[in-house]
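The values are calculated or read from the model by the stated rules, or taken from the named source; none is laboratory data. Not measured: the values here are computed from a predicted model. Neighbour counts run over all protein chains shown; Cβ positions are idealised from the backbone, glycine included.
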Amino acid sequence: MKNLVATLCLLGAGLSPSIDAQAKHYNDLATVTRVSPVYETVERRVPSEHCWTERVALERRDSRSATPTLVGGIIGGVIGNEVGRGGDNKKIGAVVGSLLGASIANDVSRRSRQHKAGYQYLERCETTHHIESEERLKGYDVDYRYHGRHYSTFSRKHPGKKIRVAVDVRPALH
């Protein structure tokens with residue numbers, strides 16, 4: 001008989017919910033009374049490229065070759081030698097002709113180098129950075145009322161007219 005009573009007590013205990021089982025939490029809905037958006041300022045560096053065209057003098061690379069002067073001197077000497085009359089005149093004509101030919105060839109060579117000099121247009125670019133700021137929605141400060149009491153929380157999403165709340169019911173200890 002004792003065993004029967006003990007078995008019935010154990011079965012009864014398993015069938016009826018205990019006070020601890022009823023002391024769990026559950027979700028309910030509370031009424032939202034105020035919603036205020038919360039913004040944060042986000043800054044970022046933004047590159048900006050500025051380009052322009054610049055006129056630049058070309059570098060002259062004078063070869064300073066003596067070849068045109070020498071060739072001019074030889075040609076001038078031959079011409080002076082042919083034009084000159086008599087023995088001494090031929091020598092003087094050759095010398096004067098070679099000097100004159102060398103001078104003319106040097107002038108022509110210098111003029112041709114000057115014509116090669118000039119300008120070119122180059123594109124130059126410069127990158128600078130500036131700061132841009134923007135306001136981004138971070139979330140919402142939410143005030144709500146549940147069973148006559150007022151509460152506040154932060155929510156990433158707009159809650160609407162109702163907000164889910166977790167209710168924790170426990171026996172009060174005396």
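If you take the residues of segment 140-168 that are surrounded by 10 or more Cβ atoms within 10 Å (Cβ to Cβ) and in contact with a His (Cβ under 9 Å, 6 or more places away or on another chain), which of them is modelled with the lowest pLDDT?
The residue in question is V167.
I'd like to check something: does segment 16-31 contain any residue that is out of contact with any strand residue (DSSP E or B) (no Cβ under 8 Å at 6 or more places or on another chain), among the acidic types (D, E) and either at pLDDT 85 or above or loosely packed, with under 10 Cβ neighbours inside 10 Å (or both)?
Yes, because at least one residue in segment 16-31 is out of contact with any strand residue (DSSP E or B) (no Cβ under 8 Å at 6 or more places or on another chain), among the acidic types (D, E) and either at pLDDT 85 or above or loosely packed, with under 10 Cβ neighbours inside 10 Å (or both).
Take S133 and decide whether it is closer than 30 Å to W52 by Cα, in contact with a strand residue (DSSP E or B) (Cβ under 6 Å, 6 or more places away or on another chain) and either assigned to a helix (DSSP H, G or I) or modelled with pLDDT of 70 or more (or both). Even if it seems obvious, please write down each step before you answer.
On the way: closer than 30 Å to W52 by Cα: yes; in contact with a strand residue (DSSP E or B) (Cβ under 6 Å, 6 or more places away or on another chain): yes; either assigned to a helix (DSSP H, G or I) or modelled with pLDDT of 70 or more (or both): yes.
Criteria met by S133.
If a residue must be assigned to a strand (DSSP E or B), over 18 Å from Y26 (Cα atoms) and in contact (Cβ under 8 Å) with a residue 60 or more places away in the chain, how many such residues does segment 137-158 contain?
Qualifying residue count, segment 137-158: 9.
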